[in-house]
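The values are calculated or read from the model by the stated rules, or taken from the named source; none is laboratory data. Bear in mind that the values here come from a model prediction, so they are computed numbers and not experimental data. Every residue, glycine among them, receives a Cβ derived from its backbone with ideal geometry; neighbour counts consider all protein chains shown.
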Amino acid sequence: MAAGAIARVAEREAERFRAANPRAFAHHAAATGWFQSVPFHWMRDWPSPVPIVAATAKDAALTSIDGQRYDDFCLGDTASLFGHSPAALAAALAQQAHEGLSYMLPTERGAALSEKLAAMFGLPQWQVTTTASEANRAVIRWCRGISGRTKILTFNGAYHGAVDDAFVDLKGGVPTMRASLVGQVHDLHGTTTVIEFNDGDALAAALNGGDIACVLAEPVMTNVGMVRDAPGFLHKLRALCDETGTLLVFDETHTISSGYGGHGVTHGPKPDLMVVGKSIGGGVPCAVYGFSAAVAERMAALNALRPDGHSGIGTTLSANALAITAMDAMLSDVITPAAYDLMLCGAARLVAGLEQEIAAAGLDWHVTQVGARVEFLTCPTPPRNGGEAKSAMHPELEAAIHLFLANRGILLAPFHNMMLVSPVTGDDQIDRLVGAFADCASVLKE
Ligand code: PMP
């Protein structure tokens, strides 16, 4: 794709956006009390000259204050994977709003929820946090605590939220703390080992040292574009963890898209601990982490030895009544096997449509799928690891495509080319996305 063509499309689309969204510009000019907009740096990732300003959202559609209607394939970057404001969630939240929002006491609904989590995800013990970032931080702390080991292992290019320990990447093959991290005074590369995803030899070498508390991994990488697990890699990971006494943590915050129960339940293997955030509360801030009976026993033993006092895990609002109600409603009525049937069917339609248009336009691009999560990559072959994925990215091209689509009423997540299909995403919405994608491809080739 010629650089000139990309720049021309980007410029034309920026003009079109300016003309169609005057209220968004006025809003951003006036809302100066928020430091660099809210929520912070995500707003800088949107490809439009200023971010769209949301008015309302329902199901898989979002309306802006400029009166534009979007087919929403961003879905709050997975927080609303099952659709905006599902009726059952809205009703449960409305009722809870009149019954108290935060008690710092257990509830009967909370007990029922833990059973639902165990049934869905296949792990017996659970804890609640307010975000997936916080759940990952808690899990790392527990794994270090119960193993007595200092290091963790992550994969190059991974993102697990605002988790400093995971902000280490390979730079020229050397683990290096991300330069973008604000205010961290300790260099974490000494306690975070980083290797490339799908590299079984590097994994064996790292784990055989016997000093890694846990591997923290998405079973399919989704934050550096999507990088699928090579055949057998996850089972090798499971076996090596068992051989070396390393705990295996799956962060399923995004890969819950794979199927009912997430990637581990749908495809295996089973982790020792798992984290799910974002969509589990349908957009209400909450997350959970689950763990095996063996891990729970070790956690209890650690607690028995520990003096009373703050553990560094859990906060006042963790497991507040609103969060428990949100998750209970989601698991009871929204995140169901039937919902997954619809999502996977819609995702298959999207993949087929995009592949057809890529072939028709003669582009050397491809499409990757993790259940209801679909992505097109502007390179010929699927990257095998984070390093390859980063090299294959084309930020200017991606921004031009996103903006073209936004101007035609299609919203993609601002990060790489991720598209989420909810159970309430209509075939007409998918077909509109495919049609606009085809139009964009032909404009870029002019
Ligand atoms: N885990 C994964 C895999 C994520 O992609 C993210 C956020 N994109 C998080 C954890 C953190 O979620 P949150 O920002 O809601 O804490």
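Please go through segment 191-209 and give me each residue that is touching a residue at least 60 places away in the same chain (Cβ under 8 Å), in contact with a helix residue (DSSP H, G or I) (Cβ under 7 Å, 6 or more places away or on another chain) and away from the ligand (no atom under 16 Å from the Cβ), ordered by number. Give the derivation first.
To start, the set of residues in segment 191-209 that are touching a residue at least 60 places away in the same chain (Cβ under 8 Å) comprises 196-199.
Now restrict to residues that are in contact with a helix residue (DSSP H, G or I) (Cβ under 7 Å, 6 or more places away or on another chain): 196-198.
Within segment 191-209, 196, 198 qualify.
For the list (1) under 21 Å from residue 264 (Cα atoms); (2) among the aliphatic types (A, V, I, L, M); (3) within 16 Å of the ligand (Cβ to nearest atom), I need the number of the one condition that residue 162 fails.
Tallying (1) under 21 Å from residue 264 (Cα atoms); (2) among the aliphatic types (A, V, I, L, M); (3) within 16 Å of the ligand (Cβ to nearest atom), residue 162 fails exactly one: (1).
Check segment 211-231 and report whether any residue there is in the same structural domain as residue 118 (by TED's automatic domain parsing) and assigned to a helix (DSSP H, G or I). First the steps, then the outcome.
Taking segment 211-231 first, the residues in the same structural domain as residue 118 (by TED's automatic domain parsing) are 211-231.
Right, trim to assigned to a helix (DSSP H, G or I) and you get none.
Within segment 211-231, none of the residues are in the same structural domain as residue 118 (by TED's automatic domain parsing) and assigned to a helix (DSSP H, G or I).
Each row is one residue, and each column tells you yes or no for (1) closer than 17 Å to residue 114 by Cα; (2) assigned to a loop (DSSP other than H, G, I, E, B); (3) in the same structural domain as residue 238 (by TED's automatic domain parsing).
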{"site": "256", "(1), (2), (3)": "no, no, yes"}
{"site": "260", "(1), (2), (3)": "yes, yes, yes"}
{"site": "266", "(1), (2), (3)": "no, no, yes"}
{"site": "279", "(1), (2), (3)": "yes, no, yes"}
{"site": "299", "(1), (2), (3)": "no, no, yes"}
{"site": "303", "(1), (2), (3)": "no, no, yes"}
{"site": "311", "(1), (2), (3)": "no, yes, yes"}
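Inspect segment 357-366 for any residue being part of a strand (DSSP E or B) and not assigned by TED's automatic domain parsing to the domain that holds residue 217 and give the result as yes or no.
yes
Out of everything in segment 165-184 that is among the aliphatic types (A, V, I, L, M) and at pLDDT 95 or above, what residue ends up being nearest to the ligand (Cβ to nearest atom)?
Within segment 165-184, the subset among the aliphatic types (A, V, I, L, M) is 166, 168, 170, 174, 177, 179, 181-182.
Right, trim to at pLDDT 95 or above and you get 166, 168, 170, 177.
On the way: 166: 9, 168: 16, 170: 18, 177: 18 Å.
By that ranking, first place goes to 166.
In segment 388-430, what count of residues is obtained for those that are under 22 Å from residue 257 (Cα atoms) and out of contact with any Leu (no Cβ under 9 Å at 6 or more places or on another chain)?
Of the residues in segment 388-430, 6 are under 22 Å from residue 257 (Cα atoms) and out of contact with any Leu (no Cβ under 9 Å at 6 or more places or on another chain).
Which residues, counting only those in segment 128-144, are buried (at least 22 other Cβ atoms within 10 Å of the Cβ), near the ligand (Cβ under 8 Å from one of its atoms) and over 12 Å from residue 318 (Cβ atoms)?
Across segment 128-144, the qualifying residues are 132, 136.
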